[in-house]
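*Asks:* Before I ask anything, here is the structure I am working with.
The values are calculated or read from the model by the stated rules, or taken from the named source; none is laboratory data. For clarity, every value in this text was computed on a predicted model and none was experimentally measured. Backbone-built Cβ (ideal geometry, glycine too); neighbour counts: all protein chains shown.
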Amino acid sequence: MKIGKYVLVLVVLLSGLALTSCSKSVDDSPLNPDKPITVTVWHYYNGNTKEIFDALVSEFNETIGVDEGVVIDSQSQGDVNQLATAVFDAANQSIGAAPMPDIFASYPDNAYRVNKIVDLVSLDTYFSEEELSSYRSEFLEEGRFQSNSDLFIVPIAKSSENLFVNKNLWETFAKEFALTTEDLQTWEGLYKVSKLYYEKTGKAFYSIDASANFMLEASMQLGSEMFIYNNDGTVAFNLTPEVAQKIWSYYYIPYISGYYVKTGRFSSDDAKTGTVLAYTGSTAGAAYFPTEVTIDQQEVYEIEPLALPYPYFEGGKPYAMQQGAGMCITQSDKEHEYAAAMFLKWFTDNEQNIEFAISTGYFPVKKEALKEETLLGALAKTSFTNPAIKASIITTNQMFQDYTLYNSKPFTGSYEMRVLLETNLYDKILRDLETVARRESDGENRDVIIDEMVSNSEFEKWYQEMLDEASLIMNN
């Protein structure tokens, strides 16, 4: 009798487990083709990227969408910052804001702060373990928040950063002064080359596209992550004096000295006018590397690209930023959530994802799709001819093997901290360059002015101001 009772209990327990498993199953579609629903997607794609995305959305709508009863309505909200603001306003139900979209593109920082206001779908509910295992793990883990292991962001397309170089002018300069690309491998080498180029030509050599990335990567490369994530969920700002001094020496000083310069919104704009020979920028921007340089209407010449790995500090470790917004699903009803997950699964399948990634300069997100021969084969079938894309694919794929990819985890205030890192020192440079120009026009010696600005006392002043501003954000 006891055995019979144990068997009965076991059967009940197993039945309960089976029911629990079924509750998470997405095999039983709640959709009705006779009653189609509309799923809104907000993104930040523009230009060619938007065209490719819209074309794929149309393909989905005309095939799977028709069969399942789903219409994807994709809407660009401008650039990534405008999108973040639009989603945040929608979550807050700000006056004049549109309702929350069913899907929105987001970096972890913005997704984290939005999830504090409205609930996002835990995507583990709709993606099986087998489905998730097909994604590159680093890409996937970016979508899991520090305080919760649930997956809130599906990776869509990823990028890192390369050092893009005007190969023609570089080779001429390098030959004259016995330089090689190894001199561009480290921040120390890049500084020396830029200083030499300025001294010989009076022009800047290099530009940094994303200031926050440089600071975050500098910290990781030097063995000290900029944010400390405590077990209790709290986060502390960890810009050490040593890392801050490196940032000052290899960011502020070369900019204020004229070795580096950035005059446009993107560094590729300065490369296009010959203002700089090289810049670090997103691999997703490879298509924007100029194929010719326009000095003026009378002087236009073609150039070739050179895509090199992201620099790192001597004695440091090769870290590079992992970039590219993923997609979040807003909690609503089972039909819209299911349809949103179905679209994201389809979009990240190899065929669609490779087409989107290759056409836009990004990288697909699944392990099978990231093989170099697969990417180059797909590139050969497209109409895109900018050789910088191929050069970037080859270099970045090697970086994916040799470098550690990094992205900081989101936390309360992380969005604001990203803004601080992006603008604080760069805005100081702009102000100080205006001061240099004004004092120089008043007859002061430029070298004396710059020596004053790059002094240890000025560094200490900036460092303390940085700590104070960060403290206001972190402790708010």
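*Asks:* State yes or no: is Ser76 small (Gly, Ala, Ser), outside the structural domain of Thr125 (by TED's automatic domain parsing), modelled with pLDDT of 80 or more and touching a helix residue (DSSP H, G or I) at 6+ places or on another chain (Cβ under 8 Å)?
*Replies:* Here the answer is no, as Ser76 does not meet what is asked.
*Asks:* When you go through Asn386, Asn397 one by one, which is the residue that is touching a residue at least 24 places away in the same chain (Cβ under 8 Å), in contact with a Leu (Cβ under 8 Å, 6 or more places away or on another chain), outside the structural domain of Ser268 (by TED's automatic domain parsing) and not small (Gly, Ala, Ser)? Walk me through how you get there before you give the answer.
*Replies:* Values: Asn386 fails: in contact with a Leu (Cβ under 8 Å, 6 or more places away or on another chain).
On inspection, the qualifying residue turns out to be Asn397.
*Asks:* Scan segment 194-213 for residues that are buried (at least 23 other Cβ atoms within 10 Å of the Cβ) and in a helix (DSSP H, G or I) and jot them down.
*Replies:* If the condition is that a residue be buried (at least 23 other Cβ atoms within 10 Å of the Cβ) and in a helix (DSSP H, G or I), then Ser194, Tyr197, Asn213 are the ones that fit.
*Asks:* Just one of the numbered conditions (1) assigned to a helix (DSSP H, G or I); (2) touching a strand residue (DSSP E or B) at 6+ places or on another chain (Cβ under 8 Å); (3) closer than 20 Å to Tyr126 by Cβ is not true of Leu31; which one?
*Replies:* Looking at each condition in turn, Leu31 falls short on (1).
*Asks:* Still on this structure: Mind checking which residues of segment 97-114 are touching a Leu at 6+ places or on another chain (Cβ under 9 Å), among the hydrophobic types (A, V, I, L, M, F, W, C) and not in a strand (DSSP E or B)?
*Replies:* If the condition is that a residue be touching a Leu at 6+ places or on another chain (Cβ under 9 Å), among the hydrophobic types (A, V, I, L, M, F, W, C) and not in a strand (DSSP E or B), then Ala111, Val114 are the ones that fit.
*Asks:* Could you identify the single residue in Ile358, Ile450 that is surrounded by 14 or more Cβ atoms within 10 Å (Cβ to Cβ) and modelled with pLDDT of 90 or more? Lay out the reasoning, then the answer.
*Replies:* Values: Ile358 fails: modelled with pLDDT of 90 or more.
Going through Ile358, Ile450 in turn, the sole match is Ile450.
*Asks:* Here's something else I'd like to know. Can you report the number of residues in segment 72-87 which are under 16 Å from Cys328 (Cβ atoms) and assigned to a helix (DSSP H, G or I)?
*Replies:* Looking only at that region, the number is 6.
*Asks:* Please state which of the following conditions Asp209 fails to meet, knowing it meets all the rest: (1) at pLDDT below 95; (2) over 26 Å from the mean Cα position of the chain (by Cα).
*Replies:* Unmet for Asp209, out of (1) at pLDDT below 95; (2) over 26 Å from the mean Cα position of the chain (by Cα): (2).
To keep it simple, each residue is scored yes or no on (1) small (Gly, Ala, Ser); (2) closer than 15 Å to Phe214 by Cα; (3) buried (at least 21 other Cβ atoms within 10 Å of the Cβ).
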{"position": "Gly233", "(1), (2), (3)": "yes, no, no"}
{"position": "Ala236", "(1), (2), (3)": "yes, no, no"}
{"position": "Tyr251", "(1), (2), (3)": "no, yes, yes"}
{"position": "Tyr259", "(1), (2), (3)": "no, no, yes"}
{"position": "Ala271", "(1), (2), (3)": "yes, no, yes"}
{"position": "Ser282", "(1), (2), (3)": "yes, yes, yes"}
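*Asks:* Here is a further query. Just the residues that are free of Cβ contacts under 8 Å to residues at least 40 places away in the same chain and either crowded, with 17+ Cβ neighbours inside 10 Å or assigned to a strand (DSSP E or B) (or both), please, taken from segment 46-64.
*Replies:* Correct list: Val57, Asn61.
*Asks:* Restricting attention to segment 75-90, which residues are crowded, with 20+ Cβ neighbours inside 10 Å and of a type in the set (Gly, Ala, Ser)?
*Replies:* The answer is Ala84, Ala86, Ala90.
*Asks:* If I filter segment 390-425 down to residues being modelled with pLDDT of 90 or more and among the β-branched types (Val, Ile, Thr), which single residue comes out as farthest from Asp468 (Cα to Cα)?
*Replies:* Ile394
*Asks:* Inspect segment 95-117 for any residue being over 27 Å from Asp402 (Cα atoms), β-branched (Val, Ile, Thr), loosely packed, with under 15 Cβ neighbours inside 10 Å and in contact (Cβ under 8 Å) with a residue 12 or more places away in the chain and give the result as yes or no.
*Replies:* Within segment 95-117 (the criterion being over 27 Å from Asp402 (Cα atoms), β-branched (Val, Ile, Thr), loosely packed, with under 15 Cβ neighbours inside 10 Å and in contact (Cβ under 8 Å) with a residue 12 or more places away in the chain), the answer is yes, since at least one residue qualifies.
*Asks:* Can I ask one more? Can you give me the number of residues within segment 176-216 that are of a type in the set (Phe, Trp, Tyr), touching a residue at least 40 places away in the same chain (Cβ under 8 Å) and farther than 14 Å from Lys246 by Cα?
*Replies:* Of the residues in segment 176-216, 4 are of a type in the set (Phe, Trp, Tyr), touching a residue at least 40 places away in the same chain (Cβ under 8 Å) and farther than 14 Å from Lys246 by Cα.
*Asks:* Exactly one condition in (1) in a helix (DSSP H, G or I); (2) aliphatic (A, V, I, L, M); (3) farther than 17 Å from Gln331 by Cα is false for Ala90; which is it?
*Replies:* For Ala90, the exception is condition (3).
*Asks:* Inspect segment 334-344 for any residue being on the phi < 0 side of the Ramachandran plot, touching a residue at least 12 places away in the same chain (Cβ under 8 Å) and surrounded by fewer than 17 Cβ atoms within 10 Å (Cβ to Cβ) and give the result as yes or no.
*Replies:* Taking every residue of segment 334-344 in turn, at least one turns out to be on the phi < 0 side of the Ramachandran plot, touching a residue at least 12 places away in the same chain (Cβ under 8 Å) and surrounded by fewer than 17 Cβ atoms within 10 Å (Cβ to Cβ).
*Asks:* Restricting to segment 1-54, count the residues that are of a type in the set (A, V, I, L, M, F, W, C) and modelled with pLDDT under 50.
*Replies:* 15
*Asks:* For segment 115-186, list the helices (runs of 4 or more DSSP H) that sit wholly inside it and hold at least 2 residues that are more than 17 Å from the chain's Cα centre (by Cα) and under 19 Å from Pro311 (Cβ atoms); which are they?
*Replies:* Answer list for segment 115-186: 167-176.
*Asks:* Hey, another quick one. Mind checking whether some residue in segment 429-437 is touching a residue at least 60 places away in the same chain (Cβ under 8 Å), among the β-branched types (Val, Ile, Thr) and in the same structural domain as Tyr310 (by TED's automatic domain parsing)?
*Replies:* yes
*Asks:* Moving on to the next point. Can you give me the number of residues within segment 217-248 that are in a helix (DSSP H, G or I) and either free of Cβ contacts under 8 Å to residues at least 12 places away in the same chain or among the aromatic types (Phe, Trp, Tyr) (or both)?
*Replies:* 1
*Asks:* Can you find, within segment 249-303, the residue that is modelled with the lowest pLDDT among those that are of a type outside the set (A, V, I, L, M, F, W, C), in a strand (DSSP E or B) and over 21 Å from Lys200 (Cβ atoms)?
*Replies:* Among residues in segment 249-303 that are of a type outside the set (A, V, I, L, M, F, W, C), in a strand (DSSP E or B) and over 21 Å from Lys200 (Cβ atoms), the one modelled with the lowest pLDDT is Asp296.
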